[in-house]
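Chemist: Please read through the structure below; I'll follow up with questions.
The values are calculated or read from the model by the stated rules, or taken from the named source; none is laboratory data. Computed from a predicted structure; not experimentally measured. Methodologically, a virtual Cβ is constructed for each residue, glycine included, from the backbone with ideal geometry; neighbour enumeration extends over all protein chains shown.
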Amino acid sequence: MTADRLVTELAGTAGVAVRVREPLARYTSFKVGGPADYFVEATTVRGLTACLRVVERHGVPVLLLGNGSNLLVSDQGVRGAVLRLRGEFRTVRWHGSGAEVGAAHAVSRLVREAVRRGWGGLEFAEGIPGSVGGSLVMNAGAYGSEMERVVHRVDAVTAAGETLALGREELRFSYRETRLPRGAVVTRVEMALTPETPEVADARMRAVMTRRKESQPSGHPNFGSVFRNPPGDHAGRLIEASGLKGLRVGGAEISRRHANFIVNRGGARAQDVRRLIERVCSEVESRFSVTLQTEVRFAGEWPQ
Ligand SMILES: Cc1cc2nc3c(=O)[nH]c(=O)nc-3n(C[C@H](O)[C@H](O)[C@H](O)COP(=O)(O)OP(=O)(O)OC[C@H]3O[C@@H](n4cnc5c(N)ncnc54)[C@H](O)[C@@H]3O)c2cc1C
């Protein structure tokens, strides 16, 4: 089957839009990334299931894109389809024990709405610029809490286009990762929240905001913490103690404010970031015998 045929089939599917060779830099928080062969947006569950069946039949790999705030997309781009959810995946339904939230809903908006409605449990996520789906997959967390604490159930669609409901006991949560069936696309997340006085929740949320402002860089594109904290230590401390704050490759720089952040000082390429990451890993390994692991995920086709 030809690429033209794939595009024609996707374009003819209700609830699906497709673009060819769409540059991805505009969809990532670091503002880097070459083109996706096929950039596909699904606005309904029905469209999504149909679209996944089409791409599977064509044997085309699929990369899910949330808000792109934890993805380093290569300068050469992504071979295959990059899939983004929109439309009905952005909606929220509030109910007696919390909220049922579409995977494309912005976490920060959800936190604020929860606080306003008198629900507690999500304040830790204030300032996380991800989507609900991406944050579930990353088990995003901060200041002593993480998504695992609030997730009750997840709706997903398998790579073969079958819908799936997963109870929290079926989700394998760990540090910055939630294991889902291979290729599953998260469509909705059921959150169990705690009734709270809005003023109390608001104060907690503002405390998180203040802590972020005090410690994290702002003003330059980044993707939050680049490395996972190794057991019993902090990646930022090890990088700073290695004297790497301010180190620069091309337009990518280890933040002078927080060593576990890489910022785009302007014109950075994904390859600059990758080289900086490799340099940090080798310095920290040689000084402290600690192997750092990235929290940021690499996507696309990389030169060897
Ligand atoms: C300024 C800044 C601050 C940050 N602070 C924090 C923080 O405090 N704590 C923290 O944990 N992270 C933080 N991050 C990192 C990032 O925001 C989180 O990891 C976020 O949860 C990623 O969500 P996303 O929608 O951007 O996912 P993306 O980056 O788009 O994707 C992340 C992963 O999830 C997959 N994915 C996305 N959506 C779906 C879906 N619907 N179904 C299946 N798979 C999917 C992607 O394929 C990819 O593997 C920060 C980032 C920035 C830029």
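Chemist: From T43, T28, grab the single residue that is out of contact with any Leu (no Cβ under 7 Å at 6 or more places or on another chain) and outside the structural domain of M209 (by TED's automatic domain parsing).
Modeler: Values: T28 fails: out of contact with any Leu (no Cβ under 7 Å at 6 or more places or on another chain).
Of the residues listed, the single one that is out of contact with any Leu (no Cβ under 7 Å at 6 or more places or on another chain) and outside the structural domain of M209 (by TED's automatic domain parsing) is T43.
Chemist: Being within 27 Å of E278 (Cα to Cα) and among the polar types (S, T, N, Q), is that true of even one residue in the range 38-45? Full working, then the answer.
Modeler: Going through the range 38-45, the residues within 27 Å of E278 (Cα to Cα) turn out to be none.
Checking the range 38-45: not a single residue is within 27 Å of E278 (Cα to Cα) and among the polar types (S, T, N, Q).
Chemist: Another one. Quick check on my filter: what residues within the range 145-171 are within 30 Å of A207 (Cα to Cα), more than 12 Å from the ligand (Cβ to nearest atom) and outside any loop (DSSP other than H, G, I, E, B)?
Modeler: Selection gives R149, V151, H152, R153, R168.
Chemist: Hey, another quick one. Say we look at the range 266-304 and pick out the residues that are among the polar types (S, T, N, Q) and farther than 19 Å from S242 by Cβ; which of these is surrounded by the most Cβ atoms within 10 Å (Cβ to Cβ)? Step through it out loud before you land on a result.
Modeler: Initially, the range 266-304 is screened for residues among the polar types (S, T, N, Q), giving 271, 282, 286, 289, 291, 293-294, 304.
Filter once more, so that each one left must be farther than 19 Å from S242 by Cβ: 271, 304.
Details: Q271: 18, Q304: 2.
If we take residues in the range 266-304 being among the polar types (S, T, N, Q) and farther than 19 Å from S242 by Cβ, then Q271 is surrounded by the most Cβ atoms within 10 Å (Cβ to Cβ).
Chemist: Which of the residues that make up the range 62-112 are more than 11 Å from the ligand (Cβ to nearest atom), touching a Lys or Arg at 6+ places or on another chain (Cβ under 7 Å) and under 24 Å from A270 (Cα atoms)?
Modeler: Listed by number, the list holds a single entry, D75.
Chemist: Look at V290 and say whether it is touching a residue at least 60 places away in the same chain (Cβ under 8 Å), part of a loop (DSSP other than H, G, I, E, B) and farther than 30 Å from R112 by Cα. If you could, list the steps in order and put the result at the bottom.
Modeler: On the way: touching a residue at least 60 places away in the same chain (Cβ under 8 Å): yes; part of a loop (DSSP other than H, G, I, E, B): yes; farther than 30 Å from R112 by Cα: yes.
Answer is yes for this residue.
Chemist: On to the next question. Among (1) near the ligand (Cβ under 8 Å from one of its atoms); (2) not assigned by TED's automatic domain parsing to the domain that holds V208; (3) not polar (S, T, N, Q), there is one condition V137 misses while meeting the rest; what is its number?
Modeler: Looking at each condition in turn, V137 falls short on (2).
Chemist: Mind listing whichever residues of the range 80-114 are farther than 27 Å from T197 by Cα and either part of a strand (DSSP E or B) or more than 18 Å from the chain's Cα centre (by Cα) (or both)?
Modeler: From the range 80-114, those farther than 27 Å from T197 by Cα are 80-89, 104; that's our starting set.
Across the range 80-114, the qualifying residues are G80, A81, V82, L83, R84, L85, G87, E88.
Chemist: Taking the options G33, G59, name whichever one is part of a loop (DSSP other than H, G, I, E, B) and either in contact with a strand residue (DSSP E or B) (Cβ under 6 Å, 6 or more places away or on another chain) or among the hydrophobic types (A, V, I, L, M, F, W, C) (or both).
Modeler: G33
Chemist: Continuing with the same structure: Identify all residues within the range 265-300 that are away from the ligand (no atom under 15 Å from the Cβ) and small (G, A, S); write none if there are none.
Modeler: Correct list: G266, G267, S282, S286, S289.
Chemist: Could you pull out the residue among S218, S174 that is at pLDDT below 95, over 30 Å from A50 (Cβ atoms) and hydroxyl-bearing (S, T, Y)? I'd like the intermediate steps shown before the answer.
Modeler: On the way: S174 fails: at pLDDT below 95.
The unique qualifying residue is S218.
Rundown of residues vs (1) more than 16 Å from the ligand (Cβ to nearest atom); (2) closer than 16 Å to R275 by Cβ; (3) surrounded by fewer than 18 Cβ atoms within 10 Å (Cβ to Cβ), yes/no style:
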site: S218; (1), (2), (3): no, no, yes
site: H234; (1), (2), (3): no, no, yes
site: G246; (1), (2), (3): yes, yes, yes
site: S255; (1), (2), (3): no, no, no
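For every residue, the table says whether it meets (1) more than 18 Å from E88 (Cα to Cα); (2) in contact with a Gly (Cβ under 7 Å, 6 or more places away or on another chain); (3) assigned to a helix (DSSP H, G or I).
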residue: P129; (1), (2), (3): yes, no, no
residue: G134; (1), (2), (3): no, yes, yes
residue: V186; (1), (2), (3): no, yes, no
residue: M191; (1), (2), (3): no, yes, no
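Chemist: What residue, among those in the range 49-79 that are among the small types (G, A, S) and over 19 Å from the mean Cα position of the chain (by Cα), is surrounded by the most Cβ atoms within 10 Å (Cβ to Cβ)? If you could, list the steps in order and put the result at the bottom.
Modeler: Here is the first cut: in the range 49-79, the ones among the small types (G, A, S) are 50, 59, 66, 68-69, 74, 77.
Still in the running and over 19 Å from the mean Cα position of the chain (by Cα): 50, 59.
On the way: A50: 19, G59: 9.
Selected residue: A50.
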